[in-house]
1. Scan region 76-86 residue by residue and report those that are under 26 Å from the mean Cα position of the chain (by Cα) and either on the phi > 0 side of the Ramachandran plot or surrounded by 14 or more Cβ atoms within 10 Å (Cβ to Cβ) (or both).
2. When region 165-181 is examined, which residues are found to be surrounded by fewer than 18 Cβ atoms within 10 Å (Cβ to Cβ) and either among the β-branched types (Val, Ile, Thr) or not in a helix (DSSP H, G or I) (or both)?
3. Scan the helices (runs of 4 or more DSSP H) fully inside region 44-135 and keep the ones with 3 or more residues being touching an Asp or Glu at 6+ places or on another chain (Cβ under 9 Å) and at pLDDT 90 or above.
4. Please specify each residue of region 141-162 satisfying the condition of being within 18 Å of Trp216 (Cα to Cα) and hydrophobic (A, V, I, L, M, F, W, C).
5. Looking only at residues in region 18-75 that are of a type in the set (S, T, N, Q) and within 26 Å of the chain's Cα centre (by Cα), which one is farthest from Gly249 (Cα to Cα)?
6. (1) without any contact (Cβ under 8 Å) to a residue 24 or more places away in the chain; (2) under 30 Å from Tyr113 (Cβ atoms): which one isn't true of Val236, the others all being true?
7. Do you know which residues across region 209-247 are farther than 20 Å from Gly157 by Cβ and under 21 Å from the mean Cα position of the chain (by Cα)?
8. Can you pull out every residue in region 211-227 that is among the polar types (S, T, N, Q) and either out of contact with any helix residue (DSSP H, G or I) (no Cβ under 9 Å at 6 or more places or on another chain) or in a helix (DSSP H, G or I) (or both)?
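The values are calculated or read from the model by the stated rules, or taken from the named source; none is laboratory data. Predicted model, so just to flag it, every value in this text is computed and none were measured. Positions of Cβ are backbone-derived with ideal geometry, glycine not excepted, and every protein chain shown enters the neighbour counts.
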Amino acid sequence: MNALETQKVNVHAKKRRYSNLLTIGKEPTRSQFLTISVAVFVLLLLIWWLATSSGTIKPIFLPGIENVLLRMITLAQNGTLQSDIASSLYRMIIAFTISSLMAIIIGVLAGCYGLFKAIVEPLVDFIRYMPVVAFVPLTILWTGTDDIQKFLVIWIGTFFQQVLMMIDAIKRVPSDFVGLGRTLGLSDRKTLLQIVIPSALPSIWDALRISLGWAWTWLVLAELVASTSGLGYRIVVSQRYFQTDTIIGYILLLGFLGLITDQIMRAAEHVLFRYNRRRS
């Protein structure tokens, strides 16, 4: 087989590998995943550049990539960018931690014991359909416009969804595991602490990772409405002065920060729950 035939075989094999991704249940390899992901981002950036450089879209509606980068560099040099990131991270971390701890405790109890389930689940199901935006004026009346108000908005937006996800995580623990604990003569408390919770931890962690994205969303909402610092506040101020480059830059920054925190959670999951990955 000559070099040309070998090259054709390799091309066909590569096409076959990518076409297999259209098969139900077929997972991409790590290299395929990275290649496709990078290609999508490059394509979007190229479309953005073409739309702005050709004059199809006016800069006041969508500034060029270079203008956004220059604006973000300027904000970083005068310290504004770092200050806004620090304020938002502080609020998000505190509120998300409080919400998660409360949701884990209540969700585990409701997932294990019928009494707690009867008390918690109907109430949570009722409240979680209420729009978080409608609570924002109330939170301002209750707590003012300081950081407590931001914590409260994030808590309302994440806690009730987290509780249901924790209950579901506990329900996923096979009943055989609980039966094994009873066979071994373990008390309900020991069965909960030594069997149920360790078995549910991967699902609990995954629920926390998903709800972390909601926390970023509600953080920005709280800062958009009533704040004097943070990423959301800077977006509002920029909107008043038609600084579209700052708005676009901060929106992209929020997506980048959310992606980083999500990847950190994923990496921690691989380290903490290696046994679960090997079993699956």
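1. Once the filter is applied, which keeps residues that are under 26 Å from the mean Cα position of the chain (by Cα) and either on the phi > 0 side of the Ramachandran plot or surrounded by 14 or more Cβ atoms within 10 Å (Cβ to Cβ) (or both), region 76-86 yields Thr80, Leu81, Ser83, Asp84, Ile85.
2. Arg172, Pro174
3. The helices (runs of 4 or more DSSP H) meeting that bar are 65-77, 80-112.
4. Ile148, Phe151, Leu152, Val153, Ile154, Trp155, Ile156, Phe159, Phe160 - these are the residues of region 141-162 that are within 18 Å of Trp216 (Cα to Cα) and hydrophobic (A, V, I, L, M, F, W, C).
5. Per the criteria, the residue is Thr29.
6. (2)
7. Ile247 - this is the single residue of region 209-247 that is farther than 20 Å from Gly157 by Cβ and under 21 Å from the mean Cα position of the chain (by Cα).
8. Selection gives Ser211, Thr217.
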